[in-house]
């Protein structure tokens, strides 16, 4: 089985992951309240445009348009029975864009959270979660992805179910969690505990890190912790939002500029991250700024919190009383 991601990691110091899906789809006219995943079937030109645009900007890794394509999420749009179709088509669209590139591009099958709480906080069992994730990951594998990419998870029990489902496909598995509460997950877990948690899986994850969150400052603060906790086998991912979302004239605008994303990318390399990209609000233009910022860049020592704040602004702290 080809493992293009492992090959590229062996050849290069760092790789570029792509940017946002949902916010870019909204800019392309995605109707309010409609999940972008459904465009894998009836808006394929928009999905292909996004993949091709990120590849043109310099992405080495593109994520499929399947973040919300597990049956638990799709049932909210009365589309659970289309789980295989939407994931298979999403994988095929990304595969076609990658295969048309003039260089190796990794196709990562995006797997987001179920949106449900697992026992004992909710009713979703570990077995049911793994079954839901496997329904998605098996379709992604059939559609031609190179790696299963689990993202925006905030609880270890759900992450474990997703990893098990991903590993059942025989493909390598990468994952990112969201640390948006004082550089902890919503469940209160630290970057160090997250890295240690991933070490229990055999085989190990091919890469692990952080995505989304409360802006690039907190993302970098988290990546410092991830890299400090990592061992020599860990590949750390940084995939932060393009600044902070703001409502301007009825539209959600992300505050990150090309300069902000360039600084964020360099700090991520300083921390030791080897896969760097963007999350919400990151357009192909912003990703190109990341690519250009890292071209020829020699990493420095990991930044202190004071240096992070000076470069990217305050590391957001949650309101009093939160975890």
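The values are calculated or read from the model by the stated rules, or taken from the named source; none is laboratory data. Only a predicted model underlies this, so the values are computations on that prediction, with no experimental measurement involved. Don't worry about glycine lacking a Cβ; one is built from the backbone with ideal geometry, like all the others, and counts go over all protein chains shown.
For this structure, a couple of remarks:
- Residue in the range 304-315 that is in contact with a strand residue (DSSP E or B) (Cβ under 7 Å, 6 or more places away or on another chain) and on the phi < 0 side of the Ramachandran plot present: no
- Note on the range 123-175: residues that are free of Cβ contacts under 8 Å to residues at least 12 places away in the same chain and assigned to a loop (DSSP other than H, G, I, E, B) total 2.
- Residue, modelled with the lowest pLDDT, within the range 249-285, restricted to residues that are buried (at least 17 other Cβ atoms within 10 Å of the Cβ) and at positive phi: 281
- Residues located in the range 287-308, provided they are surrounded by 15 or more Cβ atoms within 10 Å (Cβ to Cβ) and assigned to a helix (DSSP H, G or I): 287, 288, 289, 290, 291, 292, 293, 294, 307, 308
- Flag if residue 259 is assigned to a loop (DSSP other than H, G, I, E, B) and over 21 Å from the mean Cα position of the chain (by Cα): no
- For the range 154-175, the candidate set comprises residues that are more than 18 Å from residue 132 (Cβ to Cβ) and touching a strand residue (DSSP E or B) at 6+ places or on another chain (Cβ under 8 Å); within that set, the residue that is surrounded by the most Cβ atoms within 10 Å (Cβ to Cβ) is 174.
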